[in-house]
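Okay, structure first, notes after.
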Amino acid sequence: MNAFRAVGNCNKAKLVIITFFSLIALLACGVMETSEPNNVTFMAGYKPQANLPFVATYVAQEKGYFKEHNLEVEILHTTSGDNIQLLMSGDVDITTSDATSVLKRRSDPGIPITAFALFGQKGQQGFLSLKSSDFNSPKDWEGKTFGYKFSQPPEYLAILENEKVDRTKIQEVRVGFDPRVLTEGQVDILAIFKSNEPDTVRNLGFEVDLWDPADFDVPTLGLTYVTRETDIESEVVEQFLKATMKALEFTIENRDEAIDIVMKYAPEEDRDHQKFMLNTEIDDAQSAITDMNGLGSMTSNQWESLYGHLIRYGALPKEFDIKSAFTIDVLDQVYKGNKLR
Amino acid sequence: MSQSIKATQLQYVYDGGGRNLTALDRVDLDVKPGEFVSVVGPSGCGKSTLLKLIAGLLVPTNGSVTIGSGPPAKAQKLKNIGLMFQEPGLLPWRTVAQNITLPTEIAPNSSYGNQSNSDNTPKALLRLIGLEGFATYYPKELSGGMKQRVALARALAASPEVLLLDEPLAALDDITRTSMRYELIRICEYSNLSVVMVTHNLREAVLMSDKVAILTSRPGSTTATVTINLPRPRIQGIEDTLAFIEYEQKLKNLLSIGTETDIK
Amino acid sequence: MQKYFVGFMKLSSYTIPPTLALFLLLSIWEIWVRAANVPIYIFPAPSIIFTRLFQDMGFFLSHGMTTLTEALLGFILGATIAMTGATFMAHSRLLERSLLPIAVMIKVTPIVAIAPIFVIWFGFGSFPKILIASLITFFPVLVNGMSGLRNVDPVVLDLLNSLNASRREIYFKLRLPSSMPYLFAAFKISIPLSVIGAVVGEWFSGDRGLGSVIIVSHANLDMPTLFSAIFVLAGIGVALTIIVFYLEKKVLRWHDSSVIT
């Protein structure tokens with residue numbers, strides 16, 4: 001009986017010692033991990049404002065989610081559209097880009113970027129006309145003037161085809177970025193961002209009609225997070241997505257606080273306009289897909305539809321294999337079902 | 001036909017924005033038709049101002065100046081004034097001939113009828129100043145002395161009645177200056193104009209003039225007039241005569257500076 | 001015969017050195033891009049740019065003509081208005097005091113602020129670009145014109161006044177010719193600026209002109225096209241400058257200190 005008890009005591013001691021050192025080891029590991037946060041440079045593809053992918057990073061920064069996920073994130077902005085080039089040169093690690101641009105860049109000149117999260121289940125592009133023009137359908141655009149920013153958007157071409165509008169009867173002009181060309185009557189229909197110009201034009205005192213390509217069976221997708229194809233499997237990207245998706249959830253539940261945070265990054269902007277932008281984009285960020293798989297999700301089907309649409313309307317210079325233009329893998333790491341891991 | 005020039009109790013005050021500077025104070029000058037009168041005096045005594053008043057480029061504050069029977073303005077309109085400065089002031093984009101004819105291009109004032117003098121032809125003038133064959137040259141191709149001669153020809157182009165010269169030879173080197181003096185004498189004696197010449201150089205004044213008026217320092221006023229009774233035409237060698245030297249001395253004394261001929 | 005030979009040698013001495021220097025520069029660029037494996041969408045090699053340029057010569061020349069025309073028309077418009085203004089302002093200090101501050105305000109306002117407004121007022125065609133080019137031309141010509149008209153030989157001015165010359169005669173015989181060196185100095189500044197003005201105007205709207213090509217190709221990250229457009233612009237700038245220098249030499253033959261390059 002004594003020997004038995006002696007062995008028990010020995011084992012107990014061993015257990016205590018082992019547990020003690022394991023704890024120390026774990027602690028040490030933990031300390032090592034948290035003492036070396038990963039540096040990430042994120043560049044928003046435009047000036048500071050309430051675009052959803054931008055907001056996710058602002059909120060993640062301010063609420064400490066990046067820190068939680070062991071990231072030291074520097075948030076930059078650009079207005080000259082050079083974020084993709086900076087991504088490729090290594091000055092930036094993660095940036096935003098709309099899905100169409102991702103496909104365009106991969107098509108020609110073949111820039112190896114990959115999208116790993118989707119914010120706009122519907123594209124941002126839309127078309128605006130004044131209520132006073134009294135257009136009932138795109139067919140009424142015949143004989144009028146259409147203004148675009150760089151080149152005729154494929155959504156426009158698709159609508160014309162789907163609605164059987166005679167394109168030769170429309171005068172098309174490049175008009176730049178000032179929506180006043182619409183209010184001053186220089187153009188009758190203007191290509192715009194749904195989350196932006198409608199509000200601006202209404203604030204000028206004009207009632208508008210908004211034409212959403214999605215209403216005309218045109219497949220469109222909105223903004224994505226992108227990184228270099230070679231870095232898509234890195235730990236940093238995964239942690240980044242985790243932090244920003246958490247921030248996205250928070251944003252949707254706490255819109256006012258999110259706007260407060262946006263105003264910190266964009267003090268010059270009009271608060272009501274930012275609110276409009278945020279609400280519009282949150283609406284477009286949610287769909288049956290995100291309900292099932294979580295915010296930011298996307299499917300190959302979506303990308304293939306978009307690709308087919310762009311090829312059809314000559315918006316892509318070359319055909320190519322879109323497999324590496326996007327990936328769902330990072331999302332799979334971040335979500336289980338539609339819950340964050 | 002040359003005209004007389006008369007300045008009576010001429011006064012000129014510069015209005016320098018609050019600071020008034022009396023340049024001339026009671027200057028009298030009497031130039032008979034065809035006379036050559038020099039005006040000498042120390043620097044800053046207002047000699048140039050006097051010339052500008054005679055030319056009608058400035059308006060006297062007090063007193064009067066006439067050319068012939070009327071004010072300088074009338075003489076201007078009749079193009080009766082020939083003007084020459086220390087700087088030749090040729091237009092660099094015009095040839096010698098074109099520079100000379102500049103005064104004749106200015107339209108005469110029609111209110112005086114068709115009284116325009118028959119202008120001297122450029123050819124004749126070039127011959128007069130000894131620059132025949134230089135008609136198509138540009139000023140930048142000429143020496144200083146040549147440019148001054150062109151300026152002289154220009155001054156004579158509209159057949160003026162009076163000639164006003166403001167230190168015309170001062171910018172020339174000694175050798176050119178000496179030869180130009182005799183040129184000028186020759187031309188003035190030949191054309192029989194009334195001449196007022198401002199100069200620093202007493203020897204020059206004695207050599208070229210019939211009368212020398214002396215102006216005191218600022219504010220300038222005429223203190224004396226010396227008549228030069230030397231024979232005409234004035235030729236080389238006259239500067240060595242006793243009479244000449246006496247006149248020069250007299251002027252020096254009147255100016256109370258007993259040093260060099262040239263007053264700085 | 002000998003005259004032509006001398007002329008040829010002189011021309012060569014002016015054109016060969018810069019051409020060689022340019023060639024050297026382009027070679028270094030080409031070698032570096034290849035060696036460092038710079039991607040085409042960041043910084044293309046000159047060989048690729050020239051290929052693109054020559055493949056589509058008609059395209060670039062056509063847009064180049066548009067920009068050039070807008071620039072020249074703008075320059076002529078701006079220079080004419082400026083010279084007229086300079087004439088009036090040179091004769092009236094009151095006018096100068098009233099209008100010069102306004103001219104300065106126009107000068108310091110950045111084009112990028114004005115251009116969109118012009119688009120709204122004047123539409124998407126060439127006119128707003130011509131207007132911008134003329135605005136840019138205006139100030140240097142105005143200021144230099146005024147200087148030149150005022151900075152006349154006082155001797156000649158006195159001479160003309162002693163002949164009762166009218167203001168008009170003085171202007172045409174003395175002031176205007178005197179202002180030529182000053183004007184040419186202003187032209188050398190304004191002509192390249194007017195090209196820039198036309199290009200900036202084209203950024204904001206319209207489908208014509210090299211500025212338009214630059215903006216659209218940039219949006220497509222089509223660097224070879226973008227650089228081709230820039231090369232064509234550079235060529236236009238050089239050609240215009242050479243023409244101005246040549247004209248200056250001819251017109252100002254009499255001027256001692258004209259810089260001949």
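Taking square-rooted eigenvalues a ≥ b ≥ c of the alpha carbon gyration tensor, is the range B:1-158 rounded, prolate or oblate, where a/c under 1.5 means rounded and, failing that, a/b exceeding b/c means prolate? If you can, show how the numbers build up before the last one.
Numbers: a/c = 2.08, a/b = 1.53, b/c = 1.36.
Prolate.
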* Structure fact -> Among C:69, C:144, C:113, the residue whose Cα sits farthest towards the positive end of the charge dipole of the range C:60-258, when +1 is placed on the Cβ of each Lys and Arg and -1 on the Cβ of each Asp and Glu, is C:144
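Of the trypsin sites (Lys or Arg not before Pro) in the range A:114-173, which ones lie in a loop per DSSP and count no more than 11 other C-beta atoms within 10 Å? If you can, show how the numbers build up before the last one.
Numbers: sites: A:122, A:131, A:139, A:144, A:149, A:164, A:167, A:169; in loops: A:122, A:144, A:149, A:164.
Within the range A:114-173, the qualifying trypsin sites (Lys or Arg not before Pro) (loop, at most 11 other Cβ atoms within 10 Å) are A:164.
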* To do: Please order A:272, B:25 by the number of other Cβ within 10 Å, starting at the fewest.
  => A:272, B:25
* Asked: Which of the aspartates and glutamates could be linked to residue A:264 by a straight reach, that is with a Cα gap under 18 Å, when you skip same-chain ones fewer than 8 residues away?
  -> A:62, A:74, A:256, A:272
* Out of residues 5 or more away from residue A:192 or on other chains, whose amide H comes under 5 Å of its own, with H placed 1.01 Å from N in the peptide plane? -> A:126, A:127, A:128
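What does the charge dipole of chain C about its Cα centre add up to, to the nearest 20 debye, if the Cβ of each Lys and Arg holds +1 and the Cβ of each Asp and Glu holds -1?
Details: 18 positive and 12 negative charges, 135 e Å.
Magnitude of the dipole: close to 640 debye.
Grab the beta carbon distance between residue A:80 and residue C:48, set R0 = 30 Å, and tell me the FRET efficiency rounded to 0.05.
Details: r = 23 Å, r/R0 = 0.76.
After rounding to 0.05, the efficiency reads 0.85.
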* To do: Would you list which lysines come within 26 Å of residue C:129, measuring only between C-alpha atoms, while excluding same-chain residues fewer than 8 positions from it?
  => A:144, A:149, C:107, C:188
* Asked: If you build the Cα gyration tensor of the range C:60-258 and take the root of 5 times each eigenvalue, what three semi-axes come out, in whole angstrom, biggest first?
  -> 37, 19, 11
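Label the range A:125-216 by shape, choosing from rounded, prolate and oblate, from the square roots a ≥ b ≥ c of the eigenvalues of the Cα gyration tensor; if a/c is under 1.5 it is rounded, and otherwise prolate applies when a/b is larger than b/c, oblate when it is not. Display every interim value, and only then the final one.
Working: a/c = 1.44, a/b = 1.41, b/c = 1.02.
Rounded shape, in that the Cα axes give a/c under 1.5.
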* **Dipole magnitude (debye, nearest 20) for the range A:125-216, charges at Cβ of Lys, Arg, Asp, Glu** => 200 debye
* Structure fact -> Checking C:22, C:95, C:226 against a Gaussian network model of chain C (alpha-carbon springs below 10 Å), the top fluctuating residue turns out to be C:22
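Out of every Cα pair in the range C:1-105, what percent are spaced more than 23 Å from each other? Let's see the in-between values first.
Working: 3593 of 5460 pairs.
Of the Cα pairs, 66 percent sit more than 23 Å apart.
Given Cα positions, please report Rg to Rh for the range B:116-264, the hydrodynamic radius being the Kirkwood one.
Details: Rg = 16.5 Å, Rh = 16.7 Å.
On the Cα set of the range B:116-264, Rg over Rh gives 0.99.
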* Can you list the aspartates and glutamates whose alpha carbon is less than 18 Å from that of residue C:10, not counting same-chain residues fewer than 8 positions off? -> C:248
* Relative frequency of Cα-Cα separations exceeding 32 Å in chain A, percent -> 38 percent
* Structure fact -> Of the residues C:171, C:213, C:185, the Cα lying farthest along the dipole of the range C:167-219 towards its positive end, which is defined by charges on the beta carbon of Lys, Arg, Asp and Glu, belongs to C:171
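Is the C-alpha gyration tensor of chain B telling us rounded, prolate or oblate? Criteria: a/c under 1.5 is rounded; beyond that, a/b larger than b/c is prolate, otherwise oblate. Numbers along the way, then the final one.
On the way: a/c = 1.59, a/b = 1.15, b/c = 1.38.
It is oblate, given that a/c is not under 1.5 and a/b is not larger than b/c.
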* How many partner chain Cβ atoms sit within 10 Å of a residue's Cβ in peptide B:88-100, on average, as a whole number? -> 3
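Rule-based calculations on the coordinates, nothing more; no lab input. Treat the numbers as computed from the prediction; the structure is a model and nothing was measured. Because the Cβ atoms are built from the backbone with ideal geometry, glycine has one as well, and the counts that use them run over all protein chains shown.
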